[in-house]
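Computed from the coordinates by the stated procedures, all read-outs in this text should not be read as laboratory data. Since this is a predicted model, take the numbers as computed values, not measurements. Cβ placement follows ideal geometry from the backbone for every residue including glycine, while neighbour counts extend to all protein chains displayed.
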Amino acid sequence: MKLKVCGLTQGENLKQIVNLKPDYIGYIFFEKSPRFLNHRLPSFSTSTKKTGVFVNAAIDFIIEKIQTYQLNAIQLHGHETLEFCRHLKSQSIEIIKTFGLDSTMDYDIIEPYQDVCDYFLFDTKTKQYGGSGQTFDWSLLDSYPFKKSFFISGGIDSNRLIEIKNLKDQNAYLYGVDINSQFEIKPGFKDVPKIAQFKTLIDEL
């Protein structure tokens, strides 16, 4: 089970989180987010993948951030088209495509994206683009029809571990969890001991 810690904005806090060795850390490049990153952060050399989170951003803007922050992955959290994703695929970078889930979800919309991304990420569908702290109905994934591995996100905390394990047991394509607001002291500043404990428990699943 992979762990992605998203929404980091503080240098020393970043170092502490990276020392926990999560699989991914997320930098949010969306101006309307309270975790918007508009400054440089310390570099690090571990296997943790630096992931840029973008919402309907221009391709040139994304490529500039890939180069500036030496990103290993990008997470597309808006209404990015197939052609848009295919163009970014040429950058030889890992692509995570996010979809908001609710009871009206049509998997036919998602199907074509299998060829232009490496993973899906399923989050709670809201008028905002993520960061709601709300958890969607995970039973919606009971009908997941693809062999593309995926992350889940949205209001995840330590109280959901049994449900995460049950979902993992039911769906072999659950690849990881994306945590954010439930593990913060304030927006962009993570609770390191709380994440350390959660990672230990996730590693045991």
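Per-structure values
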| quantity | calculated |
| --- | --- |
| Charged-residue dipole, Cβ positions (Lys, Arg, Asp, Glu), the chain about Cα centre, Debye nearest 20 | 680 |
| Phi-based couplings in Hz for segment 11-20 (Karplus 6.51, -1.76, 1.60; Gly and Pro marked x) | x, 5, 4, 4, 4, 5, 5, 4, 4, 7 |
| Separation of the residue 19 and residue 200 label points, Cα + 7 Å toward Cβ, nm | 1.6 |
| Residue-by-residue Karplus 3J(HN,Hα) for segment 112-122, coefficients 6.51, -1.76, 1.60, Hz, glycine and proline x | x, 6, 4, 7, 10, 9, 8, 9, 9, 10, 9 |
| Distance between modelled label sites at residue 79 and residue 104, nm, 7 Å Cα→Cβ extension | 1.3 |
| Length-normalised contact order of the chain in % [C-alpha pairs under 8 Å, at least 6 apart] | 21 |
| Loop-located trypsin sites (Lys or Arg not before Pro) in segment 129-191, at most 12 other Cβ atoms within 10 Å (DSSP) | 147 |
| Förster radius 25 Å - calculated FRET efficiency between residue 161 and residue 111, Cβ distance, rounded to 0.05 | 0.25 |
| Neighbourhood charge, 10 Å Cβ-Cβ cut-off, centred on residue 48 and excluding it, Lys, Arg +1 and Asp, Glu -1 | +3 |
| Over the chain: helical MRE at 222 nm, DSSP H runs n ≥ 4 each giving -39500 (n - 2.57), nearest 500 | -7500 deg cm²/dmol |
| Residue-count net charge about residue 153 - beta-carbon cut-off 9 Å; Lys, Arg +1, Asp, Glu -1 | -1 |
| Net charge of neighbours whose Cβ lies under 13 Å from the Cβ of residue 136, counting Lys and Arg as +1 and Asp and Glu as -1 | -4 |
| Fully extended contour minus Cα-Cα distance, from residue 170 to residue 1, at 0.36 nm per residue | 59.5 nm |
| Sparse-neighbour loop sites [GluC sites (Glu not before Pro); segment 100-205; at most 12 other C-beta within 10 Å; DSSP] | 204 |
| Hydrodynamic radius (Kirkwood) for segment 44-155, which is based on Cα pairs only, to one decimal in Å | 14.7 |
